[in-house]
Every structure is written in C-alpha cells, then in structure tokens.
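Comments concern the structure below.
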Amino acid sequence: MSTKKHPLAGNVVLVRDNRAGIHVGTLESASGTACVLTDARKVWYWVGAASCHGIAAHGVKSGSKVCPTVARVESFDAVEIVSMTDEAAKCVLGFTEWTP
C-alpha cells in the first residue's frame with residue numbers, strides 16, 4: 001500500500017466493496033481499490049436509508065441486519081469510501097448484533 005496517508009485515515013467510514021458488500025469501521029489505510037478497516041461491522045441489510053450515503057449520514061433503523069464487530073477487514077474491490085457523521089457511526093457501530 002502507498003505510504004501516503006489517506007485523508008480519512010483514523011476516521012469511521014463506510015466502505016462499499018463491489019463484491020463483499022458494505023462495511024463500517026475505522027479506516028487504517030487505503031490505496032487504489034484496496035483498503036483496511038479496523039473494528040469493523042458488515043451491514044448485511046438496512047432499513048431507513050435509500051443508499052450508502054443515507055447510512056453514512058443517518059445510520060440505520062430497526063429491522064436492519066448488522067453483523068458482529070471484527071478486528072480487521074481487508075477490502076480489495078472498494079468502489080467508494082464515505083465519511084460517516086458521528087451520529088451515523090454511533091448508530092451502526094452500536095447497533096444490536098444480528099444473528100440468523
């Protein structure tokens with residue numbers, strides 16, 4: 001990965017991976033289409049937003065399915081990295097864990 005620090009490094013972001021879905025976590029690094037998130041959660045299904053930008057701005061609502069927190073996620077096909085509002089980050093990262 002590049003030695004140049006990504007401007008959102010250290011912040012909670014939403015990453016939309018072309019094949020792996022949506023993840024929310026702290027951006028450790030990003031270069032090209034690869035990025036690394038720490039303390040990340042996968043948003044498997046969401047209610048209350050029309051798009052990733054809605055999740056990043058407002059979070060998710062009851063009925064959403066947010067997977068457990070994992071220490072590290074490496075994404076190799078990220079198509080967007082979106083900054084999260086504090087409100088949205090708190091909502092998604094604190095959302096009740098979905099279990100099937």
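Couple of notes before you dig in:
- For residue 54, the conditions (1) surrounded by 13 or more Cβ atoms within 10 Å (Cβ to Cβ); (2) touching a strand residue (DSSP E or B) at 6+ places or on another chain (Cβ under 9 Å); (3) not in a loop (DSSP other than H, G, I, E, B) are fulfilled apart from (2).
- Every condition in (1) in a helix (DSSP H, G or I); (2) of a type in the set (A, V, I, L, M); (3) touching a Lys or Arg at 6+ places or on another chain (Cβ under 7 Å); (4) surrounded by fewer than 19 Cβ atoms within 10 Å (Cβ to Cβ) holds for residue 92 except the one numbered (4).
- Residues of region 61-78 satisfying the condition of being over 12 Å from the mean Cα position of the chain (by Cα) and either part of a loop (DSSP other than H, G, I, E, B) or within 13 Å of residue 92 (Cα to Cα) (or both): 61, 62, 63, 64, 65, 68, 76, 77
- Residues that are out of contact with any helix residue (DSSP H, G or I) (no Cβ under 9 Å at 6 or more places or on another chain), surrounded by fewer than 19 Cβ atoms within 10 Å (Cβ to Cβ) and either among the charged types (D, E, K, R) or not in a strand (DSSP E or B) (or both), drawn from region 18-49: 18, 19, 20, 28, 32, 33, 47
- Of all residue pairs spaced 6 or more apart or on separate chains, those with beta-carbon atoms under 6 Å, a first member in region 72-83 that is within 16 Å of residue 39 (Cα to Cα) and a second member that is of a type in the set (Gly, Ala, Ser) are 73/40.
Quick note: the coordinates plus some simple rules give every number you see, no bench work behind them. This one's a predicted model, so the numbers in the text were calculated from it and none came from an experiment. For neighbour counting, all protein chains shown are included, and Cβ atoms are generated from backbone atoms with ideal geometry for every residue, glycine included.
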